[in-house]
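Student: Questions regarding the structure given below will be posed in turn.
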Amino acid sequence: MGWISDDMQHEGAPRVVDLLGIVQDFPIWEIPAGRDPEKLQVRAVCGCGWHENETGTVDCIPFVLFADGTVNVEATETAVRRLWQDHVDMLALASAALSAAEMLAGPPMAKLKTMEPLERLRTVRHVRLGLDVIEREAVIEARRTPGQESWAKIGVALGTTKQAVYERFREAERKAIAEGPRCQAANAEDPTPCEGDREAVRVVDKLGGEALGCVHHAARLYATLEDPRVYPNGDANNGKALEVYHRAADLKPWPWDYEKNGADS
Ligand SMILES: [Zn+2]
Ligand SMILES: [Zn+2]
């Protein structure tokens, strides 16, 4: 009846403790008749030794009770398991931090120590800026993975709160999305971002070449090609192809050149 960590290194279990801190020999789901659950507490212990020999009522929590005073075993176990999960998460973070510290303490640190103070400070500043960039890139990448990591998880990884990381990185995320990879229909000379679904329509030229595109870039491509055709991508007949056709009617070929010159003059 144990909890096993993802890396199989920790096996946790709940343990019942009375108010004097004496460990009881029955599991939480088998409170003997006659024992008052309000006079018992529960603690998480781990096979790695964490809290195994703890005395007193340190880190114990009360049983979760139903309105009628009986024990809600499931809620109690969930609450106590959370304490054990924190222990596992903390150790994982600590070991990641330790290997990072070892890495930094290696040859680069030895070299750093031989530098003149001002040179050392400049180097420290560059390392810090470099770490900021690595941090930002990692956050953006985490947010872009297909499952998309939550701000809460990113906050835990950075040792801070969900609110703090959101405040710090939402602008960078917004920018990354705006500057992200564009649809196939976007011309390399055209600086504008995509609009909506990057594979909304298929634009085909008269030789049969084709590109998937967002409505914005597809319209610009359509206006530029000779005898083009535009089709919905897949079987979604959502009017996007027609929208491209109408937008293109208002555009000149190579509209980005025209806009650039217009802006310059
Ligand atoms: Zn453990
Ligand atoms: Zn596009």
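Student: For the chain, what is the mean residue ellipticity at 222 nm derived from helices alone (per DSSP H run of n ≥ 4: -39500 (n - 2.57); sum divided by total residues; nearest 500 deg cm²/dmol)?
Tutor: Helices in the chain give a 222 nm mean residue ellipticity of -15500 deg cm²/dmol.
Student: Still on this model: Taking the range 201-261 as the region of interest, what is the percent of Cα-Cα pairs per 10 angstrom bin, listed from the shortest bin to the one with the maximum distance?
Tutor: With 10 Å bins starting at 0, P(r) equals 25, 55, 18, 2.
Student: Return the single residue from PRO14, PRO107, PRO62 with maximal mean-square fluctuation; model: Gaussian network over the chain, springs between Cα atoms under 10 Å.
Tutor: PRO107
Student: Roughly how many debye, to the nearest 20, is the charge dipole of the chain about its Cα centre, given +1 on each Lys and Arg Cβ, -1 on each Asp and Glu Cβ, and no other charges?
Tutor: I would put it at about 820 debye.
Student: Students often get this wrong, so check it: of LYS206/LYS252; LYS39/LYS162; LYS206/LYS240; LYS111/LYS162, which have C-alpha atoms separated by over 29 Å?
Tutor: Distance filter (> 29 Å) returns LYS39/LYS162; LYS111/LYS162.
Student: Would you please name the GluC sites (Glu not before Pro) within the range 50-82 that are DSSP coil residues with at most 12 other C-beta atoms within 10 Å of their C-beta?
Tutor: Within the range 50-82, the qualifying GluC sites (Glu not before Pro) (loop, at most 12 other Cβ atoms within 10 Å) are GLU52.
Student: Taking other Cβ within 10 Å of each residue's Cβ, how do SER99, SER150, SER5 sort, fewest first?
Tutor: SER99, SER150, SER5
Student: Taking every alpha carbon pair in the range 48-198, what does the distance histogram look like in 10 angstrom bins from 0, in percent?
Tutor: Result, from short to long distances: 8, 21, 23, 22, 16, 7, 3, 0 percent.
Student: Two decimals is fine: what is log10 I(q)/I(0) at q = 0.08, 0.09 Å⁻¹ for the chain, from a Debye sum with one equal scatterer on every Cα and no solvent?
Tutor: -0.67, -0.75
Student: Right, next: Quick one, what does Rg over Rh come out to for the range 3-87 if you take C-alpha atoms and the Kirkwood Rh?
Tutor: Ratio value, two decimals: 0.96.
Laboratory data are not the source of any read-out in this text; all were calculated from the coordinates shown. Here the structure is a predicted model, which means the values were calculated and not measured. Glycine also receives a Cβ, built like all others from the backbone with ideal geometry; neighbour counts cover every protein chain displayed.
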